[in-house]
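Reading through the structure tokens given below for one structure.
Nothing in this text is a laboratory measurement; each read-out follows from the coordinates by a stated rule. Note that this is a predicted model, so its numbers are computed, not measured. Virtual Cβ from ideal backbone geometry, glycine too; neighbours counted across all protein chains shown.
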Amino acid sequence: MAQRTKILTLLREKSVGAQVVLMGWVRTKREGKNVTFINLNDGSTIKNIQIVVESGQFEDSLMAGITTGASLRVSGTIIQSEGAGQDIEVTASQIELLGAADPEQFPLQPKRHSLEFLREIAHLRPRTNTFSAVLRVRHAMIFAVHDFFNKKGFVNIHTPIITGSDAEGAGEMFRVTTLDPKSPPLNEDGEVDYKEDFFGKETNLTVSGQLEGELAASALSEIYTFGPTFRAENSNTTRHLAEFWMMEPEMAFYDLNDNMDLAEELLKALIKYGLENCQDDLEFLNKRALDEDKQKPQHERSELSLIEKLQFVTDNDFERITYTEAFDILRNSKPNKKKKFQFPVDEWGVDLQSEHERFLVEKHFKKPVIIYDYPAKIKAFYMRQNEDGKTVGAMDVLFPGIGEIVGGSQREERYDKLLSRVKELGIHEESLWWYLEIRKFGSVPHSGFGLGFERFVQFMTGMNNIRDVIPFPRTPGSAEF
Ligand code: ATP
Ligand code: MN
């Protein structure tokens with residue numbers, strides 16, 4: 001059997017006259033007087049290849065089975081195309097129908113479907129231009145992440161997915177257990193006895209690999225994790241999933257400034273990689289976003305196209321301001337004075353909501369913003385306490401259209417300070433013994449951050465809803481596929 005050629009390879013490397021075997025799915029079929037045109041796509045590129053069939057060349061029953069969604073194996077010869085829209089096409093010498101797709105039942109038509117509808121048929125949505133483009137860009141970004149860190153000498157660490165520490169966001173965790181939910185073993189107090197459970201203790205799915213990442217950085221200097229994280233937060237927003245992927249670099253000997261520098265460098269490098277390596281898909285997504293924008297009222301339309309936005313981020317420095325500076329800007333802002341914010345900004349120490357973040361990024365600075373030195377009381381226990389006694393060395397990177405894309409900090413490396421914070425917050429100290437102990441043996445200043453991968457892919461592809469940048473989204477009430 002002749003070797004299969006992927007359409008991407010065909011378009012890049014093959015010339016007129018070459019014999020090829022193609023395999024893929026039918027996008028459209030158009031019957032002319034003397035010839036039939038079949039548009040075939042195999043997912044290797046957003047582009048289709050046009051297959052030309054002479055009338056009467058194949059049995060009618062075969063031709064009838066060639067409908068949108070059917071899979072084919074086509075042998076043929078590359079010829080110069082006479083039609084507009086493509087340079088080359090393939091004249092078929094042989095066609096095999098691998099799998100039919102009953103047109104009465106196949107839900108995808110060669111027209112635009114709503115993203116909401118496509119979410120209901122997540123098993124088929126990779127067959128659409130939009131999702132195949134998003135998934136290819138997503139792949140390229142995964143590769144770019146590893147490439148970036150590898151070139152810098154960071155070591156990739158697999159942190160555990162099942163965790164026994166309940167330090168972070170305990171309320172938002174998914175429990176992992178093998179106990180029988182109908183009759184779990186009980187202890188003397190009548191509560192579920194997790195000593196009897198698989199791991200001999202309560203365990204959950206991880207919300208972050210950071211704590212374990214810090215242990216590895218305390219030996220390997222510069223590490224990163226890139227794995228799934230789970231948060232049982234019951235928030236139905238366009239930016240939250242219950243299962244998402246996060247990359248978390250953790251670096252010994254980095255202070256907060258080094259941390260911000262790395263986050264900015266990483267984001268710019270990933271975008272640059274995408275602009276250079278995903279041109280066809282980004283051009284398609286750019287057009288898609290423009291079309292979508294046209295449906296909106298004038299004042300909601302974006303000033304820049306998707307590709308312009310990406311270029312803008314790679315070409316400009318991020319704005320860096322302290323929480324206190326951000327607070328002052330927000331307190332004196334028009335929407336705050338006119339009481340347009342749902343959450344008013346009146347007292348130093350309030351947490352910044354997504355409406356505030358978006359005001360700063362989209363209206364005030366009109367570029368990505370890094371806010372650092374946050375009030376201690378709205379940030380996690382492990383963040384390094386500043387001299388002022390009120391703030392910690394935290395930093396969030398905010399992006400247009402997304403809000404928070406990175407959350408990070410310099411970590412508290414001083415044992416006593418960390419312990420007193422743990423006690424102050426009533427955190428279960430025993431379950432964190434190893435995390436505390438690393439501060440006793442060769443402790444070093446260190447920093448790290450978490451970059452939500454799907455939020456980044458949203459920015460990269462211009463997709464508004466985070467459900468549309470992950471193949472099988474997990475959200476409250478939804479785990480069908
Ligand atoms: P948010 O305030 O938006 O919920 P967070 O403060 O909970 O974010 P972190 O705990 O700092 O976020 O997590 C690091 C990064 O992970 C965030 O900057 C974001 O990019 C991403 N992230 C957090 N929660 C989710 C989620 N539920 N779904 C997808 N990405 C998320
Ligand atoms: Mn959150």
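Just how far, in whole angstrom, is segment 82-114 from segment 178-224 if you go by their alpha carbon centroids?
Taking the Cα centre of segment 82-114 as reference, the centre of segment 178-224 is 50 Å away.
Going by how many other beta carbons lie within 10 Å of each one, how would you line up D87, D258, fewest first? Could the numbers behind the result be given before it?
Working: D87 9, D258 15.
Ordered by Cβ neighbours within 10 Å, fewest first: D87, D258.
Before anything else, pin down the relative contact order of segment 46-121: Cα pairs under 8 Å, at least 6 apart, normalised by residue count, whole percent. Spell out each step's value before the answer.
Values: 87 pairs, mean separation 26.3, N = 76.
Result for segment 46-121 is 35 percent.
Given R₀ = 41 Å, what would the calculated FRET efficiency be for E325 paired with N465, taking r from the Cβ atoms and rounding to 0.05? Mind showing how you got there, number by number?
On the way: r = 32 Å, r/R0 = 0.77.
Step by step, r from the Cβ atoms, then E = 0.80.
Mark the label point 7 Å from the Cα of Q295 along Cα→Cβ and return the residues of segment 117-133 whose backbone N is within less than 17 Å of it.
Residues passing the 17 Å test: 117-121, 128-131.
Could you check the simple spin-label distance between D258 and S55, using points 7 Å along Cα→Cβ, in nm with one decimal?
The answer from the label model is 7.4 nm.
For K440, list the lysines whose Cα falls under 24 Å from its own Cα; do not include residues on the same chain fewer than 8 positions away.
Within reach: K379, K417, K423.
Please go through the residue pairs K111/K294; K334/K377; K6/K151; K366/K390; K272/K363 and name each one whose alpha carbons sit more than 23 Å apart in this structure.
Details: K111/K294 18 Å; K334/K377 27 Å; K6/K151 30 Å; K366/K390 29 Å; K272/K363 25 Å.
Among K111/K294; K334/K377; K6/K151; K366/K390; K272/K363, the Cα-Cα distance tops 23 Å for K334/K377; K6/K151; K366/K390; K272/K363.
For S44 and R4, calculate 0.36 nm times their separation in residues minus their Cα-Cα distance, and state this gained length in nm to one decimal. Spell out each step's value before the answer.
Details: separation 40, 0.36 × 40 = 14.40 nm, distance 1.25 nm.
Additional length available on full extension: 13.2 nm.
For segment 422-439, take each phi angle, set θ = phi - 60°, evaluate the Karplus expression 6.51 cos²θ - 1.76 cosθ + 1.60, and give the result in whole Hz per residue in order, putting x for glycine and proline.
Running phi through 6.51 cos²θ - 1.76 cosθ + 1.60 with θ = phi - 60° gives 4, 5, 4, 8, x, 7, 4, 5, 4, 6, 10, 3, 5, 5, 6, 5, 4, 7 Hz.
How do S420, S221 rank when sorted from fewest to most other Cβ atoms within 10 Å of their own Cβ? Write out the running numbers ahead of the final one.
On the way: S420 13, S221 17.
Result, fewest neighbours first: S420, S221.
So between E387 and E104, what do we pick up on full extension, going 0.36 nm a residue minus the alpha carbon distance?
Full-extension gain reported as 94.9 nm.
Which of the peptides 423-433, 43-53 is most tightly packed, and how do the rest follow, going by the mean number of other Cβ atoms within 10 Å of each residue? List each step's numbers first, then the result.
Values: 423-433: 11.7, 43-53: 19.8.
Per-residue mean Cβ counts within 10 Å order the peptides as 43-53, 423-433.
Near the amide H of W245, under 5 Å away, which other amide H atoms are found, from residues 5 or more places off or on another chain, if H is placed in the peptide plane?
Under 5 Å from the amide H of W245: T229, F453, E454.
Considering only the other residues whose Cβ falls under 9 Å of the Cβ of R411, what net charge follows from Lys and Arg at +1 and Asp and Glu at -1?
Summing Lys and Arg as +1 and Asp and Glu as -1 gives -3.
Please report how far the C-alpha centroid of segment 399-474 lies from that of segment 316-336, rounded to the nearest whole angstrom.
About 23 Å separates the Cα centre of segment 399-474 from the one of segment 316-336.
Within the chain, what percent of beta bridges assigned by DSSP are antiparallel, to the nearest 5?
On the way: 69 of 78 bridges.
The answer is about 90 percent antiparallel.
Could you compute the FRET efficiency for I79 and Q311, with r as their C-beta to C-beta distance and R0 at 41 Å, rounded to 0.05? Intermediate results must be reported in sequence, preceding the final value.
Details: r = 38 Å, r/R0 = 0.92.
Efficiency, rounded to the nearest 0.05: 0.60.
With labels modelled as points extended 7 Å from the Cα through the Cβ direction, what inter-label distance (nm, one decimal) is found for D87 paired with S420?
7.0 nm
At a threshold of 8 angstrom on Cα-Cα distance, excluding pairs fewer than six apart, so keeping six or more, what relative contact order does the chain reach in percent? Mind dumping the intermediate values first?
Details: 835 pairs, mean separation 65.8, N = 481.
Relative CO of the chain lands at 14 percent.
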